[in-house]
Amino acid sequence: MIVEFFFDIPALASTADMLRTWVIIISTMALALGAVNIMRVHWKYIKRREPGHWTYSICLITVFAVLTILGLINLKNPMVNPVYKWMFENVYTSLGQTLYAITGFYIFSAAYRAFRARNSDAAILLIAGCLVLLTNAPIGEVIWGQIPVIGTWVLEIGETPAMRTFLMTAAFGLLAYGFRTLIGKERGFYGEVAGGE
Amino acid sequence: MSEGIWNRMQRIDRRVLYWILFVGLMIPFIRPIGLPIAIKSSTRDLYEELRQVEEGEVAVLSISSGVSAWAECLPSMVACMKVLVQQNAKIIGWTTFIDGPLTWDKIVSLVPGLEEYTYGEDYVWFGYFAGAETGVAQLASDIRSVFTADYYGTPIDELQIMKDVNDVHDIKLVLSSDTGDACDYYIRQWHTPYGTPVAEVGIAMQGSAYMPHYRAGILFGMSVGVRGGAEMEKLINEPGNATVSMDAINISHIMLVIVVVLSNVGYIMTRGKR
């Protein structure tokens, strides 16, 4: 597939096509496997009456079973089932949005505690962070007309080279990791210590 | 005495902070602020490029954000869809998120112009596909090898819109709405090898992550967070949820800066005494 990326050879393209299709099929099967595994793990929790877990596990298995059954009734488009639709729109959506919104409160508290100008580096980060924050909110411009100008400069000129360096480094690191994996030098994904035999 | 105040400024209980933020966020509900919103170049470029789409050209909306990101991504996605509908573009939607169909349904319900569109002819929804980046790569190569039917089970060859659409070469542009790195998939698998224009509609956090790509011309535009949504709403002259939410953004951001300044004043005043 790497060669196919660089060279236009029809035979390679069809092989790569086939391999990618296999990956999609395997990924789809992995979803089913994941679902079975979740059931297995949580069934164990219930059987053992695992403290702090088993009551939640009952909820999980119940909701999983209800949604699966409702989904199977209207297999082509589960959303036409009013109960299924109601659960998604009034339970899943509300919970998802609430959880995401709550992170705003945590960030508020965490920023208050962590954003301290303990040294010059931290002070620069703190000032840049505040400027970018105020650039994102129109109130920044109301406070001082130059805040968006400086904040945009920080974001576009100051941050971009650092982010590019990070991206390039990560990409080269990934290439090296991939190459080591291909030649059998990297076995961390087997659970072994990296480079271990 | 004074040292006590400085110390207290650094140790405000988190519950107090939560209440301060909560009460602060209530202010816009009682008295909306409605400050003017300046439009960033990244959002303007997104809008301008969408306005260049000609009648009958095919745009892909790839949804890789969940319902939790509706507050940030949905207004911009809706605005982008409205522009595409105004341009009489054909629209293909798919998702790498399991709750993508909910987002698609929401978008359809919020874009009035789609009523005049014919499903299957002018727009189509394929739903979820597995495989993440590999799936995106395969879509570039052959859409039919990933989807044999649309979300509702209609075979792909019976969909009028897909008659001349087989792979990446038949797509005018891609709008990737995501909360993670799905836009990278399109950059790597669609833009780099085939030159397909790609734009990002993401959460605020992604503004910095994708800025290098935008500055390098890899992304033709970006709509970042609620602010991006509000800017898009302003550009299409239809204020909506994002415009309303900007009041909350104003309050929360200024309050965050105030508490950070307070904690640092306390820290600096007590630093020499530690």
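When you scan segment B:82-109, how many residues do you find that are assigned to a helix (DSSP H, G or I) and aromatic (Phe, Trp, Tyr)? Before the answer, list the steps.
Taking segment B:82-109 and keeping what is assigned to a helix (DSSP H, G or I), we get B:82-86, B:100-109.
Those still in the list that are aromatic (Phe, Trp, Tyr) too: B:104.
The total comes to 1.
Go through segment B:76-99 and give me each residue that's in contact with a Gly (Cβ under 6 Å, 6 or more places away or on another chain) and either crowded, with 22+ Cβ neighbours inside 10 Å or within 19 Å of B:Tyr152 (Cβ to Cβ) (or both). Break it down stepwise before answering.
We begin by selecting, within segment B:76-99, every residue in contact with a Gly (Cβ under 6 Å, 6 or more places away or on another chain); these are B:76, B:85, B:97, B:99.
Correct list: B:Ser76, B:Phe97, B:Asp99.
Hey, among A:Thr62, A:Thr98, which residue is assigned by TED's automatic domain parsing to the domain that holds A:Ile46 and modelled with pLDDT of 90 or more? Can you show your working first?
Details: A:Thr98 fails: assigned by TED's automatic domain parsing to the domain that holds A:Ile46.
The conditions single out A:Thr62.
Can you name the residue in segment A:121-167 that is among the acidic types (Asp, Glu) and modelled with pLDDT of 90 or more and, of all such residues, is nearest to B:Gly228 (Cα to Cα)?
Quick first cut of segment A:121-167, residues among the acidic types (Asp, Glu) only: A:121, A:141, A:156, A:159.
Now narrow it down to the ones that are modelled with pLDDT of 90 or more: A:121, A:141.
On the way: A:Asp121: 30, A:Glu141: 16 Å.
Taking the candidates together, the pick is A:Glu141.
Residue by residue, here is whether (1) more than 19 Å from B:Pro212 (Cα to Cα); (2) among the small types (Gly, Ala, Ser); (3) part of a helix (DSSP H, G or I) holds:
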site: A:Tyr92; (1), (2), (3): yes, no, yes
site: A:Ile107; (1), (2), (3): yes, no, yes
site: A:Ala122; (1), (2), (3): yes, yes, yes
site: A:Leu133; (1), (2), (3): no, no, yes
site: A:Glu141; (1), (2), (3): yes, no, yes
site: A:Leu155; (1), (2), (3): no, no, yes
site: A:Arg164; (1), (2), (3): no, no, yes
site: A:Gly178; (1), (2), (3): yes, yes, yes
site: A:Glu186; (1), (2), (3): yes, no, no
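Tell me which of these A:Lys44 doesn't satisfy, since it passes every other one: (1) within 30 Å of B:Pro155 (Cβ to Cβ); (2) more than 26 Å from the chain's Cα centre (by Cα); (3) free of Cβ contacts under 8 Å to residues at least 12 places away in the same chain.
(1)
Of the conditions (1) under 25 Å from B:Gly217 (Cβ atoms); (2) buried (at least 16 other Cβ atoms within 10 Å of the Cβ), B:Ile39 fails just one. Which one is it?
Evaluating B:Ile39 over (1) under 25 Å from B:Gly217 (Cβ atoms); (2) buried (at least 16 other Cβ atoms within 10 Å of the Cβ) leaves (2) as the failure.
Out of segment B:1-39, which residues are in a helix (DSSP H, G or I), more than 12 Å from every other protein chain (Cβ to nearest Cβ) and of a type outside the set (Val, Ile, Thr)?
B:Ser2, B:Glu3, B:Gly4, B:Trp6, B:Asn7, B:Arg8, B:Met26, B:Phe29
I'd like to check something: does segment B:185-200 contain any residue that is touching a Phe, Trp or Tyr at 6+ places or on another chain (Cβ under 8 Å), modelled with pLDDT under 95 and either assigned to a helix (DSSP H, G or I) or not aromatic (Phe, Trp, Tyr) (or both)? First the steps, then the outcome.
Narrowing segment B:185-200 to residues touching a Phe, Trp or Tyr at 6+ places or on another chain (Cβ under 8 Å): B:193, B:196-200.
Checking the rest, the ones that are also modelled with pLDDT under 95 come to B:193.
When the remaining residues are screened for being either assigned to a helix (DSSP H, G or I) or not aromatic (Phe, Trp, Tyr) (or both), the result is B:193.
Within segment B:185-200 (the criterion being touching a Phe, Trp or Tyr at 6+ places or on another chain (Cβ under 8 Å), modelled with pLDDT under 95 and either assigned to a helix (DSSP H, G or I) or not aromatic (Phe, Trp, Tyr) (or both)), the answer is yes, since at least one residue qualifies.
Go through (1) exposed (fewer than 15 other Cβ atoms within 10 Å of the Cβ); (2) of a type in the set (S, T, N, Q); (3) under 23 Å from B:Ala248 (Cβ atoms) and name the single condition A:Thr93 misses.
Checking A:Thr93 against (1) exposed (fewer than 15 other Cβ atoms within 10 Å of the Cβ); (2) of a type in the set (S, T, N, Q); (3) under 23 Å from B:Ala248 (Cβ atoms), the one that fails is (1).
Can you name the residue in segment A:3-31 that is within 29 Å of the chain's Cα centre (by Cα) and acidic (Asp, Glu) and is also farthest from the other protein chains (Cβ to nearest Cβ) among such residues?
Going through the qualifying residues, I end up with A:Glu4.
Looking only at segment A:118-144, which residues are surrounded by fewer than 19 Cβ atoms within 10 Å (Cβ to Cβ) and within 9 Å of another protein chain (Cβ to nearest Cβ)? Can you show your working first?
The initial filter retains those residues of segment A:118-144 that are surrounded by fewer than 19 Cβ atoms within 10 Å (Cβ to Cβ), namely A:118-125, A:127-129, A:142-144.
Scanning segment A:118-144 gives A:Arg118, A:Ala123, A:Gly129, A:Val142, A:Ile143.
Across segment B:233-263, what is the total count of residues that are out of contact with any helix residue (DSSP H, G or I) (no Cβ under 7 Å at 6 or more places or on another chain) and either within 21 Å of A:Leu131 (Cβ to Cβ) or free of Cβ contacts under 8 Å to residues at least 60 places away in the same chain (or both)?
Final tally of qualifying residues: 3.
Given (1) of a type in the set (Val, Ile, Thr); (2) more than 30 Å from B:Val16 (Cβ to Cβ); (3) in a helix (DSSP H, G or I); (4) more than 11 Å from chain A (Cβ to nearest Cβ), identify the lone condition not met by B:Thr243.
Going through (1) of a type in the set (Val, Ile, Thr); (2) more than 30 Å from B:Val16 (Cβ to Cβ); (3) in a helix (DSSP H, G or I); (4) more than 11 Å from chain A (Cβ to nearest Cβ) one by one, B:Thr243 breaks only (4).
Taking segment A:1-36 on its own, how many of its residues are in a helix (DSSP H, G or I) and among the acidic types (Asp, Glu)?
Matching residues across segment A:1-36 total 2.
Out of the residues in segment B:117-153 meeting the condition of being assigned to a helix (DSSP H, G or I) and of a type in the set (Gly, Ala, Ser), tell me which one is nearest to the chain's Cα centre (by Cα). Let's see the steps before the verdict.
At the first step, the residues of segment B:117-153 found to be assigned to a helix (DSSP H, G or I) are B:132-141, B:143-145.
So of that shortlist, the ones also of a type in the set (Gly, Ala, Ser) come out as B:132, B:135, B:137, B:140-141, B:145.
Values: B:Ala132: 18, B:Gly135: 21, B:Ala137: 22, B:Ala140: 22, B:Ser141: 26, B:Ser145: 28 Å.
In this case the residue turns out to be B:Ala132.
Are any of the residues in segment B:154-170 more than 12 Å from every other protein chain (Cβ to nearest Cβ) and assigned to a strand (DSSP E or B)? Give the derivation first.
Narrowing segment B:154-170 to residues more than 12 Å from every other protein chain (Cβ to nearest Cβ): B:155-166, B:168-170.
Keeping just the survivors that are assigned to a strand (DSSP E or B) gives B:155.
Yes: one or more hits.
Could you give every pair whose Cβ atoms fall below 6 Å, whose first residue belongs to segment A:100-115 and is facing chain B (nearest Cβ under 7 Å), and whose second residue is among the hydroxyl-bearing types (Ser, Thr, Tyr), counting only separations of at least 6 or pairs across chains?
Taking only residues 6 or more apart or on different chains, the pairs are A:Tyr100/B:Ser68; A:Phe105/B:Tyr18; A:Tyr112/B:Ser263.
Inspect segment B:222-237 for any residue being more than 11 Å from chain A (Cβ to nearest Cβ) and touching a Pro at 6+ places or on another chain (Cβ under 6 Å) and give the result as yes or no.
yes
The values are calculated or read from the model by the stated rules, or taken from the named source; none is laboratory data. Predicted model, so just to flag it, every value in this text is computed and none were measured. Don't worry about glycine lacking a Cβ; one is built from the backbone with ideal geometry, like all the others, and counts go over all protein chains shown.
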